[in-house]
Amino acid sequence: MYTLAVKRDFVAQHYLIGDDWGAENEWHSHHYQVELQLSGLTLDQHNYLVDIVDVETVFDTLVARFQDKTLNDLPEFQDTNPSIELFAKVLAEAFAQQIQANTLSQLRVQVWENEIAWAAYQLDLSS
């Protein structure tokens with residue numbers, strides 16, 4: 001299986017809701033790092049899994065949507081806890097809607113909120 005990965009970093013804010021998580025319930029920033037991994041069994045006629053320029057263009061558009069924003073204020077996180085697990089799912093689903101390539105079978109997004117904590121979400125694109 002082939003895998004292509006692209007990574008970006010940006011700052012965004014959030015606050016946790018729904019329980020008492022101490023300081024995490026207060027508005028605060030994270031320097032997020034997001035890695036997008038695309039996988040598939042075959043390459044296209046140019047020996048690409050997918051055109052990396054297309055991947056970077058879509059990825060940069062997604063990052064711009066969240067960069068310097070408070071996640072709680074965005075529709076994707078309305079009335080829900082903006083955890084890194086949910087953030088990974090939101091990013092994966094948004095990316096899957098915008099990238100098209102017949103060679104892709106899986107998409108995985110991994111989100112770090114600091115140097116030691118991350119969450120990931122994976123989508124099967126082959127169906």
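Here is how the numbers come out for the structure above:
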| read-out | value |
| --- | --- |
| Output for the range 72-82, where each listed residue is in contact (Cβ under 8 Å) with a residue 12 or more places away in the chain, surrounded by 14 or more Cβ atoms within 10 Å (Cβ to Cβ) and more than 27 Å from LEU4 (Cβ to Cβ) | ASN72, PHE77, ASN81, PRO82 |
| Lone qualifier among ALA64, ALA88 - being surrounded by 14 or more Cβ atoms within 10 Å (Cβ to Cβ) and either of a type in the set (A, V, I, L, M) or over 15 Å from the mean Cα position of the chain (by Cα) (or both) | ALA88 |
| Number of positions in the range 43-71 that are aromatic (Phe, Trp, Tyr) and either in a helix (DSSP H, G or I) or in contact (Cβ under 8 Å) with a residue 60 or more places away in the chain (or both) | 2 |
| Search result, residues across the range 27-57 that are farther than 16 Å from ALA120 by Cα and of a type in the set (Gly, Ala, Ser) | SER29, GLY40 |
| Some residue of the range 64-85 being in contact with a Leu (Cβ under 7 Å, 6 or more places away or on another chain), more than 20 Å from ALA120 (Cα to Cα) and at pLDDT 95 or above | no |
| Selected residue (criterion: farthest from the chain's Cα centre (by Cα)) from residues of the range 52-61 that are of a type outside the set (A, V, I, L, M) and either surrounded by fewer than 18 Cβ atoms within 10 Å (Cβ to Cβ) or at pLDDT below 95 (or both) | ASP54 |
| Residue in the range 108-118 that is surrounded by 14 or more Cβ atoms within 10 Å (Cβ to Cβ), touching a Gly at 6+ places or on another chain (Cβ under 9 Å) and at pLDDT 95 or above present | no |
| Search result, residues across the range 89-108 that are among the small types (Gly, Ala, Ser) and farther than 19 Å from ASP73 by Cβ | ALA92, ALA96, ALA101, SER105 |
| Single residue of TYR2, TYR15 found to be of a type in the set (Ser, Thr, Tyr), at pLDDT 95 or above and under 22 Å from SER126 (Cα atoms) | TYR2 |
| In the range 10-51, residue surrounded by the most Cβ atoms within 10 Å (Cβ to Cβ) [restricted to those that are among the acidic types (Asp, Glu) and under 24 Å from LEU104 (Cβ atoms)] | GLU35 |
| Hey, GLU24 closer than 22 Å to ASP124 by Cα and either without any contact (Cβ under 8 Å) to a residue 40 or more places away in the chain or outside any loop (DSSP other than H, G, I, E, B) (or both) or not | no |
| In the range 91-106, residue surrounded by the most Cβ atoms within 10 Å (Cβ to Cβ) [restricted to those that are over 9 Å from the mean Cα position of the chain (by Cα) and part of a helix (DSSP H, G or I)] | ALA96 |
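The values are calculated or read from the model by the stated rules, or taken from the named source; none is laboratory data. As the structure is a prediction and not an experimental result, all values here were calculated from the model. Here Cβ is always computed from backbone atoms with ideal geometry, including for glycine, and neighbour counts include all displayed protein chains.
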